[in-house]
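Undergrad: Can you read through this structure? Questions will come right after.
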Amino acid sequence: MKRLLILILMVAVILTIGINIENVRGYEGSDNQENENTSEPKEGSFIYININDKGSTKLGLFDEDETIFLSAEKIKGYEFLSWEIDGEKFSEEKEIDLNTDKRDIKVKANYENLAKEVDELIKKADEEILNENYDKAQKYLLEVYEYDKSIIEKSKYYENLEVFLADYNSTEDNLNKFTKDNISTARDYIESIKEYENQKPEPPKIEILERKPEEIHDWFYKFLFYTEKIRRNPLMYVYFANLETENAIREEESEYLVNPEGSYWHLGKRSLIKSKIYLISQNPEYDMPVNESYILHYLDLKEVIVEEGKVIISMEKTPGYPSLSYFNTGGKPYIKSCDAVFKIKKYDDGTFKIKDYYIDNMITER
């Protein structure tokens, strides 16, 4: 007699607590249950089924020398490897016939967690990046994306990958650009900002805040213009940047800012684990509000108020000039007036630094 048993392997249940009798299809337990009320139990065989060492389920009784059909079904994110019978490899086939020629047979279904494979590939890629072997890292990452997206999403590094490589559909294009020539280094950055040296504002001395309103306005405009230039322009034509590049940007800004911003809006917020390689966004300003330097440049100065720990530069629309859009991409609404607020910190050596800056009291018009 041949009996049909199909292992229904459900990830959420099976691989955490093992299977139970409800997960077996085609097995009628009522005809084969051991009778606990009988002092002399029925002779026969039990089968103990285990999935990836996650606990056993006892099935039976089965008649001696009975043939049982087992089928391992597909689990999303896992790949079936083999069956083991009593600790020895039995078959790599998903469907097997098992003979109950002895009692208490231990059956184990081995599955491989494909997400763990993805984890290992990502860690290998990260290690190669740390050693600056970018071509090897690229091969590992391309191998990752040979897996189904549903498997990649189960990786514990998925969020890192998602930002590091951006759009899943263009992953291969991004990775083909992941070469040494396309990764900006601190040395590259320092060389590239030399062309902006003549646009650098004078050091931030407290006496600047005692000048005429127009001169105060001009200094803060130059500050905004310069920091935005050195934050964005050197990275416009490369695809990736390392952590040292980010630190170099912050170091350059530290002359003016208490907490240097770096290119927080320009580089991906996550990196590939320890290697600290960032994907560079090619459209960082898309549909974002127009930045502060545009406002100070295109609107008319109304007044400057210097308070304790704060400089407020009030601006308004220039009569007769085209309106300034609120968005970088253009279109309505237009800015009628606003305040550019700079929070500052003064030091005993006669200098100051900017703690924060933002636009306040904005009035727009359609």
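Undergrad: Which residues, taken from the stretch 115-137, are touching a strand residue (DSSP E or B) at 6+ places or on another chain (Cβ under 8 Å) and either in the same structural domain as Tyr48 (by TED's automatic domain parsing) or in contact (Cβ under 8 Å) with a residue 60 or more places away in the chain (or both)?
TA: Ile129
Undergrad: Given the structure, is Lys177 surrounded by 14 or more Cβ atoms within 10 Å (Cβ to Cβ), touching a Lys or Arg at 6+ places or on another chain (Cβ under 9 Å) and not assigned by TED's automatic domain parsing to the domain that holds Phe90?
TA: no
Undergrad: Next question. Can you name every residue in the stretch 310-353 that is free of Cβ contacts under 8 Å to residues at least 24 places away in the same chain and under 37 Å from the mean Cα position of the chain (by Cα)?
TA: If the condition is that a residue be free of Cβ contacts under 8 Å to residues at least 24 places away in the same chain and under 37 Å from the mean Cα position of the chain (by Cα), then Gly330, Gly331 are the ones that fit.
Undergrad: Take Leu267 and decide whether it is modelled with pLDDT of 80 or more and either closer than 24 Å to Ile359 by Cα or in contact with a Gly (Cβ under 9 Å, 6 or more places away or on another chain) (or both).
TA: Numbers: modelled with pLDDT of 80 or more: no; either closer than 24 Å to Ile359 by Cα or in contact with a Gly (Cβ under 9 Å, 6 or more places away or on another chain) (or both): yes.
When the stated conditions are applied, Leu267 does not pass them.
Undergrad: Is it the case that Glu253 is touching a residue at least 24 places away in the same chain (Cβ under 8 Å) and under 30 Å from Leu301 (Cβ atoms)?
TA: yes
Undergrad: Under 7 Å between Cβ atoms, at least 6 apart or on separate chains: pull out the pairs that start in the stretch 87-101 with a residue that is under 15 Å from Tyr48 (Cβ atoms) and end on any residue that is surrounded by fewer than 13 Cβ atoms within 10 Å (Cβ to Cβ).
TA: As it stands, the answer is Thr100/Asp65, since those pairs meet every condition given.
Undergrad: While we're on this one: Go through Ser293, Ser314 for me and flag whichever is touching a Leu at 6+ places or on another chain (Cβ under 7 Å) and either in a loop (DSSP other than H, G, I, E, B) or buried (at least 17 other Cβ atoms within 10 Å of the Cβ) (or both).
TA: Working: Ser314 fails: touching a Leu at 6+ places or on another chain (Cβ under 7 Å).
On inspection, the qualifying residue turns out to be Ser293.
Undergrad: Now a separate question. In the stretch 79-92, how many residues are closer than 25 Å to Tyr147 by Cβ and surrounded by 13 or more Cβ atoms within 10 Å (Cβ to Cβ)?
TA: Qualifying residue count for the region: 5.
Undergrad: In addition: Of the residues that make up the stretch 8-28, is at least one in a loop (DSSP other than H, G, I, E, B), modelled with pLDDT of 80 or more and out of contact with any Ser or Thr (no Cβ under 6 Å at 6 or more places or on another chain)? Lay out the reasoning, then the answer.
TA: Narrowing the stretch 8-28 to residues in a loop (DSSP other than H, G, I, E, B): 8-10, 18-20, 26-28.
From what's left, modelled with pLDDT of 80 or more: none.
Scanning the stretch 8-28, I find no residue that is in a loop (DSSP other than H, G, I, E, B), modelled with pLDDT of 80 or more and out of contact with any Ser or Thr (no Cβ under 6 Å at 6 or more places or on another chain), so the answer is no.
Undergrad: Can you confirm whether the stretch 44-52 contains a residue that is in a loop (DSSP other than H, G, I, E, B), over 30 Å from Ser155 (Cβ atoms) and either at pLDDT below 85 or aliphatic (A, V, I, L, M) (or both)?
TA: Scanning the stretch 44-52, I find at least one residue that is in a loop (DSSP other than H, G, I, E, B), over 30 Å from Ser155 (Cβ atoms) and either at pLDDT below 85 or aliphatic (A, V, I, L, M) (or both), so the answer is yes.
Undergrad: If you don't mind, another one. If a residue has to be farther than 21 Å from Glu303 by Cβ and in contact with a Phe, Trp or Tyr (Cβ under 9 Å, 6 or more places away or on another chain) to count, how many in the stretch 335-355 make the cut?
TA: 4
The values are calculated or read from the model by the stated rules, or taken from the named source; none is laboratory data. Here the structure is a predicted model, which means the values were calculated and not measured. Here the Cβ is made from the backbone with ideal geometry for all residues, glycine too, and neighbour counts use every protein chain on show.
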